[in-house]
Amino acid sequence: MLRSGFSLVLLGLAACAPVAPSGSLADGRTGTIHFATSSPTSVEFARGQRPEGTATISGELTLPRGRSGPVPAVVLIHGSSGVGRNMPLWVGELTSIGVAAFVVDSFGGRGIRETATDQSRLSSGAMIVDAYRALELLATHPAIDRERIAVMGFSKGGFVALYSSLDRFQRMWGPAGLRFAAHLPFYPSCNIQLYEDDKVTPRPIRIFHGEADNWTPI
């Protein structure tokens with residue numbers, strides 16, 4: 001009885017232990033993957049100032065079945081409500097056409113439930129850093145073509161997918177010698193003007209929006 005109780009305690013402690021972030025996916029793993037990032041404020045992000053400490057967040061990697069050779073991939077970035085019900089649908093659509101999907105959860109590892117009621121809980125700049133770190137990590141996976149990794153985001157994540165295309169942010173926060181192959185923002189907020197925001201990646205950018213959108217309207 002005592003031994004069983006002690007075993008339960010050990011299992012509980014193991015469940016509470018922090019998960020070590022992965023620096024490489026050279027082992028070809030899939031599923032839930034934890035990785036290190038940082039949480040700059042909007043001002044710190046714009047200035048390229050690294051905050052003290054790091055954050056560990058996670059992503060869910062799904063590879064298409066029946067693949068042969070390295071496949072393209074899409075980093076999926078959620079909006080202010082966190083990872084929603086739309087994500088499994090997009091994962092299914094992408095993998096059905098031979099594209100890997102990596103759904104990033106920027107909130108869970110930081111103890112955030114949502115930012116819809118308070119966007120200061122996590123800056124969009126911090127989520128751009130998350131996207132860059134996801135790109136850097138996926139590029140180490142043997143089943144993924146590092147030159148064909150795109151980013152797709154929705155609402156707040158759409159802002160990430162759009163503004164991660166800026167050369168200035170890429171220089172300050174992106175992985176050296178590596179860029180997203182395409183940027184696919186869905187209904188992003190783009191009603192701000194940033195320094196050098198007209199100097200962007202030479203890679204394709206396609207914005208999806210709708211006139212009836214009353215949350216982030218055109």
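Some observations on this one:
- Given charges at Cβ of Lys, Arg, Asp, Glu: the chain dipole, positive-most of Gly153, Leu94, Ser24: Ser24
- 5 angstrom amide H check on Val200, placed H, neighbours 5+ away: Asp167
- Given +1 at the Cβ of Lys and Arg, -1 at the Cβ of Asp and Glu and no other charges, the dipole of the chain around its Cα centre is 440 debye to the nearest 20.
- Sequence-separation-based contact order of the chain, relative, with Cα cut under 8 Å and 6+ spacing, percent: 19 percent
- Formal net charge of residues neighbouring Ile57 (Cβ-Cβ distance under 13 Å; K, R +1; D, E -1): -1
- Membrane-span-like helices in the chain (whole DSSP H runs, Cα extent of at least 15 Å along the helix axis, mean Kyte-Doolittle hydropathy of at least 1.0): 2-16.
- In this structure the amide hydrogen of Leu25, modeled in the peptide plane, comes within under 5 Å of the amide hydrogens of Thr140, His141, none closer than 5 places in sequence on its chain.
- For semi-axes √(5λ) of the Cα gyration tensor in Å, calculated from these coordinates, the label among [x] 26, 19, 16; [y] 49, 21, 19; [z] 29, 22, 18: [z]
- Loop-resident sites, segment 48-96, for trypsin sites (Lys or Arg not before Pro), counting at most 13 other Cβ within 10 Å (DSSP): Arg65, Arg85
- A cut-off under 15 angstrom between Cβ atoms defines the neighbours of Glu147, and their net charge, with Lys, Arg +1 and Asp, Glu -1, is +2.
Throughout, read-outs are computed from the coordinates displayed, never taken from laboratory work. Being a predicted model, the structure only gives us computed values, none of them experimental. Using ideal geometry, Cβ is built from the backbone for each residue, glycine included, and neighbour counts are taken over all protein chains shown.
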